[in-house]
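These notes are about the structure you will find just below.
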Amino acid sequence: MSGKRIVAGIVSLIMFAAVIGCSTSEKSGNASTAGNQDTGQGESAATDSKKNEQVYIYANAGNLALASTLSKKEDLEMVHKEILDRSGFEVEANIPPKGQEAEKLNLLLASNEPIDIFVGSIGAFRDNGAIQPLNDLLDKYGSHIRELWPKEWASAWDAVTDKEGKIWAIPQMPQLAEKTIFLRSDWLAKLNLTMPKTIEEYETVLKALKEKDPAGAGQTIPIVTNMTGLNLALSAGFMDVGYGPWMDQDGKVKPPEVNPGYKDFIAKMAEWYQKGYIYKETFTLNTERTRELIKQNRVGSAIIHYSVVTNIQSDLQQKTPEALYEVAGELKGPKGNITTMSGLSPYGWMLNKKSKNPEAAIKFIDWIHSDIENYLLIMYGIKDKHWKYTDEANHVFERLNQDYAGEYLTASTFAYTVQFAPSDPASKPEYDFLGKYSGDTSRVKNPATADVDYLYDQQEISDKLPHIEDINRMIEEEVVKFIMGARPMSDYDKFVQELYSAGLDKWIEVMTEQYNKVKAAMK
Amino acid sequence: MRRSIPSLIHRYKLYYFLIAPGIIYYLIFHYIPLYGVVIAFKDVSPFDGVKEILTSEWVGLKHFRNFTNSYYFWDIMRNTLLISLYRLIFGFPAPILLAILLNEAKNILFQRIVQTVSYLPHFISMVIVAGLLTTFLTTDGGIVNTLLQLMGLKQIFFLGDANYFRSVLVISGIWKEVGWGTIIYLAAIAGIDAHLYEAAKLDGAGRMRQIWHVTLPGMSFIITLLLILSIGGLLDAGFEQIFLLYSPSVFKVADIIDTYVYRKGLVDLQYSYAAAVNLFKSLIAVILLLGANYLAKKYKQEGIW
């Protein structure tokens, strides 16, 4: 009997210990991941604050979404220490899950996690009170930030400034055309074809890719793309304006989907899909999978965000050295230029309203914008360890390895992008594209309202159009169906009617009102 | 003689002590946060913190009205109900059938192997299942389409075709959970008195009759219980699976309340609106649960309370 009691006693002790053990290990598990910042704030803020200031960044600059791996642990440590030594800032990076960057950010902000700096479109963050105006901070600590941004791109500051003159973000990019059509020029040569200049020539190329199958074994995919790629890199060729809201003859602002030219464009795409030129599953591909197809030496042409192609080309070339993607720069549609230049967007680097130390955050950004080598440090790692100059005067360098992936990159800015040039095969194509094509205004069209729509009153729009998402969703869903042949093109006018019954009338009314208001205020 | 509550607690204090962690857990994590439901009737900005929940403006049923007036309201409701109904009609009897079949298999080794193999998929996370499905069903060399092609049939883009998407959801859901579901039924079957089978045999009942008159009635209590519970969860049409597999071309047949709430809340930052939609869903679930329980009692079965 007593033996049983002893056993029972021991068992219960062990269970008790296990419960305690589990709960503490859970606690420490949290601390090393998301809760990290809490302990950091408590202890190190108290001990280190005399020397080093803490800055929490949310690593959604976009570089990590395209990186094939994250940094090696030692290299990450090294860069962290180097930043600390050179700037005096203790930077903590919160790494978002790929493809869910926006959702994670919303959750972190709503749950009061310490995040100081993040990038995005200011609209919803400002309207929901998640960010703070930067005017005073910029005046006090941001002289380098203002100096770095070139005068000719000044409109980018306007886009992040509201009517009262409050600046809500630090601009990241000027107007750029980032979606484009790439073609495998080595395959064109193999098939005795030249870079197409008209849609008909492009179709000949697609037909040849499909029938002559340069990849072999039926593996050639003439086109991979997605809806954004098609809209911004091609649809303008069928319309008088760039893809975006346009001004109809009746003086009203309407969505591009009711533009007659857009219907022709969709009809053409449906034809290509039906002929097997467009990859069958292209509209369900994520970036990762698209890059996989490109890497597997299967894709003849890609109508997509530039970096999906440029940043994977060197991987492709490891197995297929002759493989080369080139931009179909002279390709034109029946109505001229095919590329849409993005409008001025209220996009940039913002400071969390609840940031514990916004001064430190802005000082850190100022430090980054004060010297290009600081920028190269957070983006590419330590000089002569992760990269080395091949031409120091022009900031041409090659990356020595990919051991540091750029977790600490924040306040990324196109103002720097144009000042340096990586010469290694992994990074060169991207910078070539940015330098040669992204800002070239001679080959693009602008959306009709691009010069005013960043000044629209978003709060008023969402109050007056509570169901605006229904319309967006209907467009997203139905247009894809027309291309995939799930709905016949003869149904397109019916689709437009459906848009009206989902509230397009009201949409047109509100957008036209906003447009006229801003135009009037500008005068 | 009835004792007062304090003296009862004193007398059984050890039992109360044992149950306390469970009660405290439910209070802290399931009941106290319930007050947050009020944001469905207010305009709360997600970044303002807990205090805002109490102080923000009361807007009454505005968000509910917006939801029911939405162009896609009926699509979403139809999808949610249809997908769950398919799951119930095809998915609910599947483990019962498998359990009876397993029970009839007299080779113990075979029985064990089938049981183990069939409940392994339960332990695979939905993300992996989605990955497997995408790979199996792709038109670009996926095994299913290759087989179709070998048989001289047309390839089908299962995950992008509105005609097939729901079937893919339901069938893969059954595949994943059927084995796990049998465990509880097998336990119920094991509890049936062996004498009943002997008596049935003496009366001349064959295998089918034994199943019909002994096995099934022996399981009927647990079947009713699980049916009521699954009707309560009828509006949970399987967020994870759909979220991982859907794309614009199948929104029409795949968008359910949960995916809608996800997009409204986490992507569009309309927390109040998303809360209202989800509260709406919970209300319907409660009504369904009460209804099912009432019916079960009416037809002389045990209810859950």
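No lab work stands behind these numbers, since they all come straight from the coordinates. Since the structure is predicted, the reported quantities are computational estimates derived from the model, not experimental observations. So basically every Cβ, Gly included, is an ideal-geometry build from the backbone, and we count neighbours across all protein chains shown.
Normalising the average separation of contacting C-alpha pairs (under 8 angstrom, six or more residues apart) by the number of residues puts the relative contact order of the range A:319-435 at 17 percent.
Among the lysines in the range B:72-298, how many pairs, 8 or more places apart or on different chains, have alpha carbons under 20 Å apart? Step by step, the pairs that qualify in the range B:72-298 add up to 4. Within chain B, the selection of entire DSSP H helices by a Cα span of 24 Å or greater along the long axis and an average Kyte-Doolittle value of at least -0.5 returns B:165-190, B:271-298.
Would you look at the GNM of chain B, springs on alpha carbons closer than 10 Å, and say which of B:190, B:276, B:254 moves the most? The residue with the greatest mean-square fluctuation here is B:190. Exceedance of the 32 Å cut-off in Cα-Cα distance is limited, within the set A:254/B:51; A:179/A:263; A:254/A:356; A:73/A:104; A:73/A:280, to A:254/B:51; A:254/A:356; A:73/A:280. Averaged over the residues of A:468-476, the number of partner chain Cβ atoms lying within 10 Å of the residue Cβ comes to 4.
If amide H atoms are built 1.01 Å from N in the plane of the peptide, which residues on other chains or at least 5 residues away come under 5 Å of the amide H of residue A:246? The list, which skips near neighbours in sequence, is A:254.
Let a ≥ b ≥ c be the square roots of the eigenvalues of the Cα gyration tensor of the range B:72-298; is it rounded (a/c under 1.5), or, if not, prolate (a/b larger than b/c) or oblate? Verdict is oblate for the range B:72-298. The spacing between the range A:228-273 and the range A:313-333, judged by their C-alpha centroids, is 27 Å. The distance separating the Cα centre of the range A:54-81 from that of the range B:219-295 comes to 38 Å. Result for chain B in a Gaussian network model with C-alpha springs under 10 Å: among B:164, B:197, B:25, the largest mean-square fluctuation is at B:25. In chain A, the DSSP-assigned H stretches of four residues or longer account for a calculated mean residue ellipticity at 222 nm of -13000 deg cm²/dmol, using -39500 (n - 2.57) per stretch and the full residue count as denominator. In summary, the convex hull built on the alpha carbon positions of chain A has an orientation-averaged projected area of 32.7 nm². Just to confirm my numbers, what's the Cα centroid distance between the range A:418-442 and the range A:499-523 in Å? Taking the Cα centre of the range A:499-523 as reference, the centre of the range A:418-442 is 38 Å away. Within 10 Å of each Cβ in peptide B:262-269, how many partner chain Cβ atoms are there on average? Round it to a whole number, please. Going residue by residue through B:262-269 and averaging, the value is 5. Which of B:229, B:266, B:159 moves the most in a Gaussian network model of chain B with Cα springs under 10 Å? Top of the fluctuation ranking is B:266. The peptide list A:357-368, A:99-110, put in order of mean Cβ contacts within 10 Å with the highest first, becomes A:357-368, A:99-110. Peptide A:272-283 is shielded by partner chain Cβ atoms: per residue, an average of 2 of them sit within 10 Å of its Cβ. Mean sequence separation of contacting Cα pairs (under 8 Å, at least six apart), scaled by the length of the range A:59-208, corresponds to a relative contact order of 15 percent. Normalised by the residues of chain A, what does the relative contact order come to in percent, with Cα pairs under 8 Å and at least six apart? Relative contact order for chain A comes out at 22 percent.
Protection proxy ranking, highest mean first, for peptides A:123-130, A:374-381: A:374-381, A:123-130, where packing is the per-residue count of other beta-carbon atoms within 10 Å, averaged.
Exposure proxy ranking for A:349, A:272, based on other Cβ atoms within 10 angstrom of each Cβ and starting from the fewest, stands as A:272, A:349. Protection proxy ranking, highest mean first, for peptides A:165-175, A:284-294: A:165-175, A:284-294, where packing is the per-residue count of other beta-carbon atoms within 10 Å, averaged. As a proxy for reagent exposure, A:188, B:54 were ordered by neighbouring Cβ count within 10 angstrom, fewest first; the result is B:54, A:188.
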